[in-house]
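What follows is a single structure, written as structure tokens, with notes after it.
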Amino acid sequence: MYSEAAVYPFCAVVGQERAKKALLLHAANPLLKGVLLAGESGTSKTTLIRGLAALLQERRRINIPLHVDNERLFGGVDTAAALRYGIRKILPGLLAGADGQIVMVDDLNLMSERTLHAILAVVEQAGYEYERKDGEEACWQSSSFMLLGTMNPEEAGLKPGQLDRLGLYVRVETSLDPVERAEITRRRLAFERNPNDFARSFEPASAALQEQLVQTRRRLSSVSIAKPMLRKGSGLIPAMIVITDGKANAGMAPGLDLWPEIRRIGHRISAGGIQTLVIDTEQGFVRLGYASKLADCLQAQYFRLDELDAGRIERAVRNLVQEQNRAVPGLF
């Protein structure tokens with residue numbers, strides 16, 4: 001057995017590259033407004049988040065219980081002080097201590113809608129108002145933190161509006177690769193036998209990743225938008241990347257014939273001379289092809305998401321940029 005205080009190293013997790021990438025992106029840029037890892041039990045969701053928190057030694061990990069009440073979350077009256085001394089004292093809540101830290105919510109989808117809404121509102125506003133004493137004006141409590149959550153979609157889902165308020169959503173799948181599964185088992189057994197020795201074996205990789213994050217944050221802070229990109233004028237032709245299954249807006253068309261609505265959207269965008277790339281996210285054996293039709297109307301480059309890799313996406317975006325550069329020489 002191993003101590004509950006022992007943390008499985010982030011770098012020791014086998015596979016789950018998309019989940020790792022999302023978490024590291026948020027670590028580099030806290031403005032991403034949170035990461036939600038969704039998958040069945042046993043897919044390393046919580047392990048990855050705890051491992052990342054251990055990497056980010058400058059930040060504390062604060063766990064928010066599913067059934068937390070408003071007083072515990074935002075602060076409330078110190079009942080003991082009120083009963084013992086007859087004074088009204090406000091105790092700070094969990095989110096007051098979360099400023100600059102990591103907030104973790106396991107099974108976020110099982111949290112009450114009201115509580116989840118309140119937490120997401122704090123993420124968006126980087127703080128919240130609270131009342132100190134009766135008759136006094138409300139005060140502002142800064143609370144800017146990294147929100148990291150997990151969920152099992154088989155237990156309950158989230159409303160689209162809730163998902164939209166989270167920065168990154170990553171579906172985490174169980175590995176079916178026998179080699180990966182064997183390595184996962186080997187590492188887990190080694191960790192359980194001696195967690196400290198196991199963690200030490202990954203210290204060089206962890207240190208390298210920490211340094212990479214430091215350098216990434218430094219570069220990010222120096223990134224600025226070039227002046228030509230801020231120009232407004234008749235010679236500037238914007239570019240757009242559309243990631244869609246083509247159904248959302250078309251679904252609002254009256255009746256069953258959705259093609260006129262798709263054509264209307266496409267022609268409205270293309271009329272402005274916008275260079276466009278369409279990435280079709282539609283999945284399943286039966287595909288309606290709305291995104292493909294939209295790409296035709298836009299005269300856009302078209303790709304299916306399940307056929308793309310990082311290299312092909314990069315080349316497609318570069319081609320889009322080159323098209324725009326031909327329209328406005330020297331823009332990039």
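The values are calculated or read from the model by the stated rules, or taken from the named source; none is laboratory data. This structure is a prediction, so every number in the text was calculated from the model and none was measured. Backbone-built Cβ (ideal geometry, glycine too); neighbour counts: all protein chains shown.
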Study note, to complete from the structure: Scanning segment 108-121 residue by residue, the ones that are in a helix (DSSP H, G or I) and farther than 12 Å from N70 by Cβ total 7
Review point. When residues of segment 58-99 are filtered for being of a type in the set (D, E, K, R) and at pLDDT 85 or above, how many remain?
Key: 5
Check your understanding: Does segment 124-146 contain at least one residue that is in contact with a helix residue (DSSP H, G or I) (Cβ under 6 Å, 6 or more places away or on another chain) and of a type in the set (A, V, I, L, M)?
Key -> yes
Review point. Are there any pairs, at least 6 apart or on different chains, whose C-beta atoms fall under 7 Å, with the first in segment 27-50 and closer than 12 Å to M151 by Cα and in a helix (DSSP H, G or I) and the second at pLDDT 85 or above and not hydrophobic (A, V, I, L, M, F, W, C), and if so, which?
Key: K45/G39; K45/T150; T46/D106; T46/T150
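Taking L294 as the residue in question, decide whether it is in a helix (DSSP H, G or I), surrounded by 17 or more Cβ atoms within 10 Å (Cβ to Cβ) and at pLDDT below 70.
Values: in a helix (DSSP H, G or I): yes; surrounded by 17 or more Cβ atoms within 10 Å (Cβ to Cβ): yes; at pLDDT below 70: no.
No; evaluated as a whole, the condition is false for this residue.
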**Study point:** Residue that is at pLDDT below 90, surrounded by 21 or more Cβ atoms within 10 Å (Cβ to Cβ) and under 27 Å from R186 (Cβ atoms), where the choices are A53, A5, A19
**Key:** A19
Revision key, fill the gap. Pairing a residue in segment 141-163 that is crowded, with 21+ Cβ neighbours inside 10 Å with any residue that is modelled with pLDDT under 85 and part of a strand (DSSP E or B), where Cβ atoms lie under 9 Å and the two sit 6 or more apart in sequence or on different chains, gives S143/G127; S143/Y128
Study note, to complete from the structure: Filtering segment 157-207 for residues that are polar (S, T, N, Q) and under 26 Å from L108 (Cα atoms) leaves a count of 3
Practice item. For segment 100-140, enumerate the residues that are modelled with pLDDT of 85 or more, loosely packed, with under 12 Cβ neighbours inside 10 Å and over 16 Å from the mean Cα position of the chain (by Cα). Key: E113, R114
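Criterion first (free of Cβ contacts under 8 Å to residues at least 24 places away in the same chain and either closer than 25 Å to F10 by Cβ or surrounded by 12 or more Cβ atoms within 10 Å (Cβ to Cβ) (or both)) does A182 satisfy it?
Numbers: free of Cβ contacts under 8 Å to residues at least 24 places away in the same chain: yes; either closer than 25 Å to F10 by Cβ or surrounded by 12 or more Cβ atoms within 10 Å (Cβ to Cβ) (or both): yes.
Yes; evaluated as a whole, the condition is true for this residue.
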Check your understanding: If you take the residues of segment 23-47 that are surrounded by 23 or more Cβ atoms within 10 Å (Cβ to Cβ) and in contact with a Leu (Cβ under 6 Å, 6 or more places away or on another chain), which of them is farthest from R171 (Cα to Cα)?
Key -> A27
